[in-house]
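Quick notes on the structure that follows.
The values are calculated or read from the model by the stated rules, or taken from the named source; none is laboratory data. Computed from a predicted structure; not experimentally measured. FYI the Cβ positions are ideal-geometry reconstructions off the backbone, even for glycines, and counts take in every protein chain you see.
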Amino acid sequence: MSESGHAPTVSVITPLYNSARHIAATLESLMAQTHGDWECVLVDDGSTDATHEAIAPFLAAPRFSYIRQPNQGIAGARNTAIQAARGTWIAFLDHDDRWLPTKLESQLGLARAAGSDLVATDATIVRGGERILYSECFPEHVRARLERLGDSDVDVLEFLLEANPLCASSVMLRRALFERHGLLDVAASSADDYDMWLRCAPDARFGFVLEPLVEYFVHDANVSADMAKLRKTIIYVLFKTLPRYEGDRARMRQFRAALAVHYAALFDELLRRGRYHAAVREGVSLLTRGRQGIAVLARTARLDRRVRSLAGRALGRRGTPRPRSLSGR
C-alpha cells in the first residue's frame, strides 16, 4: 500500500474547482478500487465553495495529498498534480466522475500483457436518468477500430484525428510520456487531454479495455457544455500539431480533413445560435493562415452548403479572389 511511503504504482490526479457537490462520491469510488497501490493528488484550483470541507475526511489518509493554488484552469491544475505525483503511471480522475472497482486492476493487467504505454477504457455517460455507452456516441467503424487500438496495424494518430473516443477520466498513461513530451498545454484547457494523446500517438503503444469502467457525469457545470469554445480549442490543438507533419502529404490530408470537420461543427453551432458575424470572423481568421487555411475552408465548404456562402463573405472581407472550390461551382 502507498501509505508505507514507497512510490506507488499509480498516481491519480484530480483537479478541484467548486467540487463540494460531487467530490465525496468520486473519491469513494477511488477508495473502492481492487488495486490498492495508488496515491491521489488533489489540486484545488481556486475553489470558492466548501470543497476543502468535503475532502477533509479523505485527507486523514496519507495516500491523499492536497495542494491549493490560484485558479489556472483544468490543465494548470493537472500539471501541478503531475509534478507532485510519484507513481509510475498517471491516471486522470475528474472531480465529478467515478470509477468502477476493477478499473485500475484491468488497465494494469492489459498494460502488462500488451506492453501498453497509455490505456483507456470505455465509459458510461450519465445524464440525469439516462445512461449510454461513451463508445456508442461514435460511428460503428470508429468503435471497430477502437476495439483494436493496441494492434500494431492500427495507425493511432490517424484514428485520433478522425475521432477522440478516449474519455479523459478513463485514461492511465506512463509518467515517462510526460517526461518525454512535456506537461499539458494550458492554452488548450478543455482539450489539453486530446493534445496530449496526439503528442503521444507517434511513439506510444495505446491500449483499450472494452468494459465501461468509468461513469462520466454530464451536467450544466461541465466544461464541455460550451461546444463552440471546445471546438475552437480542438482547432487550436490541430493547428498547433500540424507543422510537425508538413513534409508528409498523407498526414497533411488527414489534418485538413479533421480541421474541416471541426470547423463545420463550429460554424453550424454559431449559425444555429444566430451568431453570423462571429462565424464570418472565424472564416476570416482561418484565411489569415494562408494556403493551409484556404484548403481547410474549401474542404469545410464541401461538408455544408451554408459554409459556401460564409466562405464567400469571409473571402470578400479579406479581399482575396474566391477559389473555384469555394464558389459552389
Right, Asp195: more than 21 Å from Ala113 (Cβ to Cβ), assigned by TED's automatic domain parsing to the domain that holds Ile90, surrounded by 21 or more Cβ atoms within 10 Å (Cβ to Cβ) and without any contact (Cβ under 8 Å) to a residue 60 or more places away in the chain or not?
yes
Going through the stretch 66-83 one residue at a time, which ones are closer than 23 Å to Gly182 by Cβ and surrounded by 15 or more Cβ atoms within 10 Å (Cβ to Cβ)?
Ile67, Gln72, Gly73, Ile74, Ala75, Gly76, Ala77, Arg78, Asn79, Thr80, Ala81, Ile82
State which residue pairs qualify: first residue in contact (Cβ under 8 Å) with a residue 40 or more places away in the chain and inside the stretch 62-83, second residue in a loop (DSSP other than H, G, I, E, B) and of a type in the set (A, V, I, L, M) in any location, beta carbons under 8 Å apart, and separation of 6 or more residues or different chains.
Arg63/Met1; Ala75/Leu184; Arg78/Leu184; Asn79/Leu183; Asn79/Leu184; Ile82/Leu183; Ile82/Leu184; Gln83/Leu183
Any residue that is among the charged types (D, E, K, R), in a helix (DSSP H, G or I) and modelled with pLDDT of 95 or more - is there at least one of those in the stretch 184-191?
no
Residue match in the stretch 6-23 (condition: surrounded by fewer than 18 Cβ atoms within 10 Å (Cβ to Cβ) and assigned to a helix (DSSP H, G or I)):
no
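This table checks each residue for (1) among the aromatic types (Phe, Trp, Tyr); (2) free of Cβ contacts under 8 Å to residues at least 12 places away in the same chain; (3) not assigned by TED's automatic domain parsing to the domain that holds Leu157.
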{"site": "Lys232", "(1), (2), (3)": "no, no, yes"}
{"site": "Tyr236", "(1), (2), (3)": "yes, no, yes"}
{"site": "Glu246", "(1), (2), (3)": "no, yes, yes"}
{"site": "Ala250", "(1), (2), (3)": "no, yes, yes"}
{"site": "Leu259", "(1), (2), (3)": "no, no, yes"}
{"site": "Glu269", "(1), (2), (3)": "no, no, yes"}
Boolean, Arg98 is under 28 Å from Ala24 (Cα atoms), out of contact with any helix residue (DSSP H, G or I) (no Cβ under 7 Å at 6 or more places or on another chain) and in contact (Cβ under 8 Å) with a residue 60 or more places away in the chain:
no
